[in-house]
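What follows is a single structure, written as structure tokens, with notes after it.
The values are calculated or read from the model by the stated rules, or taken from the named source; none is laboratory data. On a predicted model such as this, the values are computed, not experimentally measured, just so you know. Cβ placement follows ideal geometry from the backbone for every residue including glycine, while neighbour counts extend to all protein chains displayed.
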2 protein chains.
Amino acid sequence: MASLTIIDIAKICGVGVTTVSRAINNHPDISEETKQMIMKVVRENNYVPNNNARNLKRTASKTIAVLIKGLNNPFFIRMIDLFEKGIKDKKYSFILHQVYEDQDEIEVANELIKEKKLKGIIFLGGYLSHSKEKLDQLTVPYVLCTVGLSSDFDHYNYSYVSIDDYAESYKMVDYLCKLGHTKIALISAKMRDRSIGQLRYLGYKQALEDNGIALDEQLVRPMKAHLESYSMENGYAVTKEMLEQGIDFTALFAISDSMAIGASKALLESGRSIPEDCSVAGFDGLDMAYYYHPSITTIQQPAAEMAEEAIKILFDLIHKKVTHVQKKFSATLIERPSTGKASR
Amino acid sequence: MASLTIIDIAKICGVGVTTVSRAINNHPDISEETKQMIMKVVRENNYVPNNNARNLKRTASKTIAVLIKGLNNPFFIRMIDLFEKGIKDKKYSFILHQVYEDQDEIEVANELIKEKKLKGIIFLGGYLSHSKEKLDQLTVPYVLCTVGLSSDFDHYNYSYVSIDDYAESYKMVDYLCKLGHTKIALISAKMRDRSIGQLRYLGYKQALEDNGIALDEQLVRPMKAHLESYSMENGYAVTKEMLEQGIDFTALFAISDSMAIGASKALLESGRSIPEDCSVAGFDGLDMAYYYHPSITTIQQPAAEMAEEAIKILFDLIHKKVTHVQKKFSATLIERPSTGKASR
DNA sequence: TTGTACGCGTTATCAA
DNA sequence: TTGATAACGCGTACAA
């Protein structure tokens, strides 16, 4: 029961602990023969080195952590897979660590750095509303990936990978305007959102303005605070409410694919057809948007390229090749059957 | 840079290390006064205890880990949330740990037990094809949740929470038969699957037999090995292939909602309508199945109850109130517009 | 190529 | 209520 230590193994093998340590860690200064012998004993007794003791002694390790706040966003789940593969390709270990709602990501990061002797961190999603001092506490390089930064942030002090939420939102709304829509509903972020949600809202606003359409506040609908953010359920609830209030619109743009799907359901359920009675557009480029029927027009984020670039930047930072890099990717508007010309 | 240790803090405070340790860990034997003083210094210098040293010395902790293989299954993601809340409600810490494809979950578990001094483990999803000896290596209580167990396992030696895959599959197929369908396609697990996938297949087979319908091997379609298991993409590919081969069926049962959605897309794309030309049924009870249009008939797993029960069993095991408990939940067939009476 | 002995930062034990 | 000190299990400088 009481698990074996390296000393036990050394005794069994009749060698010193150093030798066992060498065998386990593939050190060069050991004969192949003794190594095999030791490894055999290790396996037979299924000895597992104690990671705490290891990390306590170790000064460095080749591992990178991805910190994610919430696992409910399918887009992030996809990114995680990409990060895992990319990091393992570089012969680094990958750790996924969840940050809970009530936790401070910087503190969690610092603990993890100490504990695992991290080489670098990728923050995935969430919002960073920390002060500069707080962020400067981090002692290893990090890259923000699709992290909301409040607009008063000095962006050039950080490395990040994202898309241009403002421009992409503009692109979609402009596209809807060009289809002849003038009453375009927006399912937006929560009221106090000061980052991604706000940018997408501003893009919407500007596109309307540039197309000579007056902003109708009635058509801007923040997602429900009591429901999960960006979820299908939320898009459904918001849309249903609009329909019940008899609000008139010929197109609907939801700032996530999930919400677009929820919205579609509400529309279809009410007997409206897509896109004849109402066009629907989403944002993210999830598989789901394609498999929905009708397939949903969306802004596809280049997930693979973004993950790859984030990793590249992180390694450049680690190797001190760069100081700070900001990379904004352009996403692709994918036109699908859920959007069509305005009929009224 | 070089981070502070408990000794540094002790020096600054002019007390012994033991006292600092007591303050940090909320030990009783310390005066409120000195405790406040120490905590103030801790905060000011933002000292973070080294977890490795802690865990190395600690004999126990109040933490439970959920081990999950792959994050791609939306059903598991939902369960994770439930586990997190449930475990935190019990004032235990919760750790989510991902097991990668090439890793052995038992070994990962054992490492984690040592490292974090776990009190218990919940295995979520995946397949357990280990021998009894291997499982017996685990030194803390564990509960298998929705884990595939090969049929030759002696189930009574383990604690698990699941649904009766055989019976639920039977339920769905029987329901389709009663609607008058005789040509029911099945999108099943990969060929060599010996657990959940096989059980669902057997349920299908038996239901057909009991309804006097001969099994048509042409209608049983394992998901594609080169595509992600249970994914929309997989359901789409399989269904498209069937359609291209001109195979005739009036109902389709996919053993996951995701695959059912992919299948629906393939059907709708080909100009068929659901349920008029073909009924579609899924399995799991994901939100997605409801929001799809038409909403998809499915077998809804009682996720919340299952998570709750798994936690309860685990704590009972920890407190030695029980030895082994197996709990099979019954799921609910939710009838939705994607299924209807056979028209041919 | 191998072994001895020390230190990593913390908590537990015991004595004060 | 406090403090000194011995572990915890490992890696590694150094000696052999």
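Determine if region B:295-318 includes at least one residue that is over 26 Å from B:G203 (Cβ atoms) and within 14 Å of chain A (Cβ to nearest Cβ). Checking region B:295-318: not a single residue is over 26 Å from B:G203 (Cβ atoms) and within 14 Å of chain A (Cβ to nearest Cβ). Scanning region B:173-199 for residues that are of a type in the set (K, R) and at pLDDT below 95 yields B:K190, B:R192, B:R194.
The requirement of being touching a residue at least 60 places away in the same chain (Cβ under 8 Å) and more than 21 Å from the chain's Cα centre (by Cα) is fulfilled somewhere in region A:255-269, by at least one residue.
Quick one: in region A:123-155, of everything that is of a type in the set (D, E) and assigned to a loop (DSSP other than H, G, I, E, B), which residue is farthest from the other protein chains (Cβ to nearest Cβ)? Can you show your working first?
Residues of region A:123-155 that are of a type in the set (D, E), as a first pass: A:133, A:136, A:152, A:154.
When the remaining residues are screened for being assigned to a loop (DSSP other than H, G, I, E, B), the result is A:152, A:154.
Values: A:D152: 24, A:D154: 23 Å.
Top of the filtered list is A:D152.
Of the residues B:E209, B:E276, B:E308, the single one that is surrounded by fewer than 21 Cβ atoms within 10 Å (Cβ to Cβ), modelled with pLDDT of 95 or more and outside the structural domain of B:I187 (by TED's automatic domain parsing) is B:E308.
Taken as a whole, region B:283-298 holds at least one residue that is over 23 Å from B:S159 (Cβ atoms), touching a His at 6+ places or on another chain (Cβ under 7 Å) and either assigned to a helix (DSSP H, G or I) or without any contact (Cβ under 8 Å) to a residue 60 or more places away in the chain (or both).
Scanning region A:1-26 for residues that are of a type in the set (D, E, K, R) and in contact (Cβ under 8 Å) with a residue 24 or more places away in the chain gives a single hit, A:D8. Scanning region B:44-58 for residues being more than 6 Å from DNA strand C (Cβ to nearest atom) and under 39 Å from the mean Cα position of the chain (by Cα) gives a total of 6.
What about B:D29, is it under 30 Å from B:F283 (Cβ atoms) and either within 9 Å of another protein chain (Cβ to nearest Cβ) or without any contact (Cβ under 8 Å) to a residue 12 or more places away in the chain (or both)? Spell out how you get there, then give the answer.
Working: under 30 Å from B:F283 (Cβ atoms): no; either within 9 Å of another protein chain (Cβ to nearest Cβ) or without any contact (Cβ under 8 Å) to a residue 12 or more places away in the chain (or both): yes.
No, not satisfied.
Suppose the filter is more than 10 Å from chain A (Cβ to nearest Cβ), more than 16 Å from DNA strand C (Cβ to nearest atom) and more than 25 Å from B:I318 (Cα to Cα); does B:F75 pass it? Here the answer is yes, as B:F75 does meet what is asked.
Can you confirm whether region A:32-42 contains a residue that is among the hydroxyl-bearing types (S, T, Y) and near DNA strand C (Cβ under 8 Å from one of its atoms)? Yes, some residue in region A:32-42 is among the hydroxyl-bearing types (S, T, Y) and near DNA strand C (Cβ under 8 Å from one of its atoms).
Residue-wise test of (1) of a type in the set (D, E, K, R); (2) away from chain B (no Cβ under 11 Å).
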{"site": "A:N55", "(1), (2)": "no, no"}
{"site": "A:K91", "(1), (2)": "yes, yes"}
{"site": "A:H97", "(1), (2)": "no, no"}
{"site": "A:A109", "(1), (2)": "no, no"}
{"site": "A:L112", "(1), (2)": "no, no"}
{"site": "A:I121", "(1), (2)": "no, yes"}
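Scanning region B:180-195 finds no residues that are among the hydroxyl-bearing types (S, T, Y), within 14 Å of chain A (Cβ to nearest Cβ) and in contact with a helix residue (DSSP H, G or I) (Cβ under 7 Å, 6 or more places away or on another chain). Do the conditions hold for A:T19, that is, is it of a type outside the set (F, W, Y) and within 11 Å of DNA strand D (Cβ to nearest atom)? Yes; evaluated as a whole, the condition is true for this residue. Could you list all residues from region A:217-233 that are buried (at least 16 other Cβ atoms within 10 Å of the Cβ) and more than 14 Å from chain B (Cβ to nearest Cβ)? Once the filter is applied, which keeps residues that are buried (at least 16 other Cβ atoms within 10 Å of the Cβ) and more than 14 Å from chain B (Cβ to nearest Cβ), region A:217-233 yields A:L219, A:R221, A:P222, A:M223, A:K224. Just so you know, in region A:79-114 the residues that are surrounded by fewer than 20 Cβ atoms within 10 Å (Cβ to Cβ), among the acidic types (D, E) and at pLDDT below 90 include one that is nearest to A:H319 (Cα to Cα), and it is A:E111. Against the conditions (1) among the β-branched types (V, I, T); (2) more than 19 Å from B:E305 (Cα to Cα); (3) surrounded by 16 or more Cβ atoms within 10 Å (Cβ to Cβ), where does B:T139 fall short? Just the number, please. Here B:T139 meets the rest and fails (3). If the condition is being buried (at least 19 other Cβ atoms within 10 Å of the Cβ) and free of Cβ contacts under 8 Å to residues at least 40 places away in the same chain, then region A:42-73 contributes A:V42, A:N51, A:N52, A:L71. If you go through region A:1-21 and pick out every residue that is farther than 25 Å from B:K116 by Cα and either among the basic types (K, R) or surrounded by 15 or more Cβ atoms within 10 Å (Cβ to Cβ) (or both), you end up with 5.
Just one of (1) closer than 30 Å to A:I106 by Cβ; (2) crowded, with 16+ Cβ neighbours inside 10 Å; (3) within 16 Å of DNA strand D (Cβ to nearest atom) fails for A:F76. It is (3). Got at least one residue in region B:2-11 being within 10 Å of chain A (Cβ to nearest Cβ) and more than 9 Å from DNA strand C (Cβ to nearest atom)? Scanning region B:2-11, I find no residue that is within 10 Å of chain A (Cβ to nearest Cβ) and more than 9 Å from DNA strand C (Cβ to nearest atom), so the answer is no.
For every residue, the table says whether it meets (1) out of contact with any Cys (no Cβ under 9 Å at 6 or more places or on another chain); (2) more than 30 Å from A:A303 (Cβ to Cβ).
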| site | (1), (2) |
| --- | --- |
| A:D29 | yes, yes |
| A:I38 | no, yes |
| A:R54 | yes, yes |
| A:V66 | no, no |
